[in-house]
Every structure is written in structure tokens, then in C-alpha cells.
Amino acid sequence: MQELENWAEEKRSAYLYATLSEVESDTPRGALFAELRREAEQQAAIWADQVRSGGGRVPARHLPDMRARVVAWLVRRWGARALRAVLSAMKVRGMSLYTKRDAGHPMPQSLDDLGRRHRGVDSGGNLRAAVFGINDGLISNTSLLMGVAGAVSDSGIIVLTGVAGLIAGAFSMAAGEYVSVRSQREVYEYQIGLERKELDQYPDEEAEELALIYAARGVPRDEARNLARRLIADPTRALDTLAREELGLNPDALGSPRGAALFSFFSFALGGLIPLIPFLIAGGTVALIGAAVVAALALFGVGAALSLFTGRNAWLSGLRMLVIGAIAGAVTYVIGTAFGAGLR
């Protein structure tokens, strides 16, 4: 029975809120989680009444399942911030409180503020993924080619190995990214679906939960309630905001599994192709030196590009990436040489 499952879910949330309230007892968040626990208990009571009215039976006492107990233990040990993604997946509200906010993300004071604040979120994510994909392909295939070049001198074998490594690595990256994004999207879609049902069934309770979160961030309680009620009156905007503020999710950035897979495949392949080009043009020592040079330049460029996301000095970031790649290539070359000598 769906109503009984909903009752159990709300009781589990109440159990976790009690744990969070205990852990955060010395902070304003402790009071928020205590109130959210009461809200969850009230919503559980609503579901219990529906179960009974349908002729069902509600257990006299709710016993948290093993997953909830493990998460509660982890929260007591490591804190809520470290477990916020897991807690969000278990329908625990208020996790957006643990998202770092700066002066560019002030608390909303109106519905228009909410709309402005969420525009352009997560822009540049594809560019970041491309840079990391190229970096993975560059380092892994350069190391592979150096190791094989140290073991054998046949350019044909080196090229074949490099092509195989490029294709295998690109497909592996694409498959891993597809599974990762697909799984994450399914979790997000499930949570947003639950939020949609709850918004339809008890909008007043959802408005109160949202008001509690705003109040915990410093908005006066009356203003927080008025803002939350105006938000709930617009179902589309209400669902979007509840997902962001209660679950810490961005509905506009759930990600495309196919897009992520294709992006990873081609970015990794591009990175893996760079050190292979000299071996396609020449052979022997010339190709080996050429591969080392183009790989070094590309590594430095990738490191400098990463500084766009880290905010660090571009030269230092480029040099760090160059050193990492050089160490990986040198180690594999030495190992390849040792194995090659042993096989001769």
C-alpha cells in the first residue's frame, strides 16, 4: 500500500531529523531540524489516517531500517555536511543549508529574487568536463605509449597499442559517465517526483517547511512564511524552489546520460590522440621525443585551463600538471624498459 510506504518514509525522515537536531544542537540549524521533525511527524499522521480509512493497519511503533541507522551513525561521527548528498537522497530537507553561499547569493526577499538567483546555475559544466576528459586521455595514453616504447622498438606495435588504449579508454570513460549520470538523474527524478506529490497533497505543510528553512537562514519568520505561501501558490515555481531549497537539487542541471557519455568519449579520445600523432608520422627516437614534447605542451595547457575553475595561478597549475604527467610517463617508460630487457 502506497500510503503505508509514505507513512514509513515520513517516520524515517523524523528519525533522521532527530539525529540532525541532536548533532546540530549548538547551532541555529538544530532548532530547524527539530521543527522539521515535528512537521514530518504530522505528515506521517496524515498518511496513517489515510491507511486506517482504507482499512489498513499502521504499526504501533516505527523501527528505523538498517540504512537509516547506518546514516544516523555516520552523521553523528562525521557531521551532516559530509553526508548531505546521502541525506537528500533519503528525503531529508534543509540540506541546501550546507551549501556554501557568498555575497553573490544572498537570501531571497521576493519571488523575483528567487528567479534571478537560479539563472545561469552550473554554466560551464560541459567545459569543465571536457578539460578533465582531455586530461585523463592525455595522461593515460601518454603513459601507455611510453611504457610500450620502453619495452619494444617496433613502431607498428606502439601505434597499435596506442590506438587500442585510446579506444578502450574512451569507451570505458563513456560507459562510466553514462551509468553515473543516469543513476544520479534517476535519484533526482525520484526525489522531485515525491516533492510534486507532497505539494499536491499538503501544500500548507510544504510551505511551512520552506518557511522554516528560510527562517534558519536569517529571514524573519513572518516574512519567511509570507514568501513561502506566495511561492506555493505557483505550482511550477514552487516545485522548482522546493527541490533547490529543501533537497539541495538543481532541476535545470540533472544532466543528460547520453550527452555526458558522448562528451566523455570524444574528450578522452582527443587527449589520447595527442601523444599518438608523432608515432603516426615518424618512428623510433624521433617519434618518442616528439610524443614527449607534444604531451608536455598539452599537459601544461590543460593544467593552465584548469586554473579557470580552481582560481589558482595558471603557470603554477600548468607546471604542476606537467610534472605529474612527466612522472607518470617516466615511471612507465622505466618499467617498460625493464620488462623489455627481461623478455629479450
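The values are calculated or read from the model by the stated rules, or taken from the named source; none is laboratory data. All of these numbers come straight from a predicted model, not from anything done at the bench. Don't worry about glycine lacking a Cβ; one is built from the backbone with ideal geometry, like all the others, and counts go over all protein chains shown. With ligands, DNA and RNA removed, areas are computed over all heavy atoms of the protein, side chains included. Shrake-Rupley method; radii C 1.70, N 1.55, O 1.52, S 1.80 Å.
Determine, yes or no, whether Asp102 is more than 19 Å from the chain's Cα centre (by Cα), at pLDDT below 70 and charged (D, E, K, R). Lay out the reasoning, then the answer.
On the way: more than 19 Å from the chain's Cα centre (by Cα): yes; at pLDDT below 70: yes; charged (D, E, K, R): yes.
Yes, satisfied.
Mind listing whichever residues of the range 2-31 are within 25 Å of the chain's Cα centre (by Cα) and over 19 Å from His62 (Cα atoms)?
Once the filter is applied, which keeps residues that are within 25 Å of the chain's Cα centre (by Cα) and over 19 Å from His62 (Cα atoms), the range 2-31 yields Val23, Glu24, Arg29.
Does Gln42 satisfy the condition of being of a type in the set (S, T, N, Q), open to solvent by 80 Å² or more (accessible area, probe 1.4 Å) and modelled with pLDDT under 85? Before the answer, list the steps.
Numbers: of a type in the set (S, T, N, Q): yes; open to solvent by 80 Å² or more (accessible area, probe 1.4 Å): yes; modelled with pLDDT under 85: no.
Considered against the rule, which asks whether it is of a type in the set (S, T, N, Q), open to solvent by 80 Å² or more (accessible area, probe 1.4 Å) and modelled with pLDDT under 85, Gln42 comes out as no.
Counting only residues that are at pLDDT 75 or above, give me the helices (runs of 4 or more DSSP H) lying completely in the range 182-267 with at least 3 of them.
Ranges flagged: 203-216, 221-232.
Output the residues belonging to the range 2-20 that are buried (at least 18 other Cβ atoms within 10 Å of the Cβ) and of a type in the set (S, T, N, Q).
Across the range 2-20, the qualifying residues are Asn6, Ser13, Thr19.
Identify, please: which residue in the range 49-90 is charged (D, E, K, R) and not in a loop (DSSP other than H, G, I, E, B) and is, among those, farthest from the chain's Cα centre (by Cα)?
Applying the first criterion (charged (D, E, K, R)) to the range 49-90 yields 49, 52, 57, 61, 65, 67, 69, 76-77, 81, 84.
Then keep just the ones that are not in a loop (DSSP other than H, G, I, E, B); that gives 49, 52, 67, 69, 76-77, 81, 84.
On the way: Asp49: 38, Arg52: 40, Arg67: 21, Arg69: 24, Arg76: 23, Arg77: 22, Arg81: 14, Arg84: 11 Å.
Filtering the range 49-90 for residues that are charged (D, E, K, R) and not in a loop (DSSP other than H, G, I, E, B), the one farthest from the chain's Cα centre (by Cα) comes out as Arg52.
If you check Val323, Val294, which single one turns out to be surrounded by fewer than 17 Cβ atoms within 10 Å (Cβ to Cβ), at pLDDT 90 or above and under 28 Å from Ala174 (Cα atoms)? First the steps, then the outcome.
Working: Val294 fails: surrounded by fewer than 17 Cβ atoms within 10 Å (Cβ to Cβ).
Result: Val323 is the single residue among Val323, Val294 that is surrounded by fewer than 17 Cβ atoms within 10 Å (Cβ to Cβ), at pLDDT 90 or above and under 28 Å from Ala174 (Cα atoms).
Quick test of your reading of the structure: Ser153 fulfils all but one of (1) over 27 Å from Ala305 (Cα atoms); (2) assigned to a helix (DSSP H, G or I). Name the failing condition by number.
That leaves (2) as the condition not met.
Inside the range 64-85, can you point out the residues that are open to solvent by less than 50 Å² (accessible area, probe 1.4 Å) and in contact (Cβ under 8 Å) with a residue 60 or more places away in the chain?
Ala80
Return the residues of the range 258-288 that are touching a Gly at 6+ places or on another chain (Cβ under 6 Å) and either open to solvent by 20 Å² or more (accessible area, probe 1.4 Å) or of a type outside the set (A, V, I, L, M) (or both); say none if nothing qualifies.
Within the range 258-288, the subset touching a Gly at 6+ places or on another chain (Cβ under 6 Å) is 264, 267-268, 271-272, 276, 278.
The answer is Ser264, Ser267, Phe268, Gly271, Gly272, Pro278.
Could you give every pair whose Cβ atoms fall below 8 Å, whose first residue belongs to the range 176-200 and is among the hydrophobic types (A, V, I, L, M, F, W, C), and whose second residue is modelled with pLDDT under 70 and not in a helix (DSSP H, G or I), counting only separations of at least 6 or pairs across chains?
Hits for this filter: Val181/Gly255; Ile192/Leu247; Ile192/Leu249.
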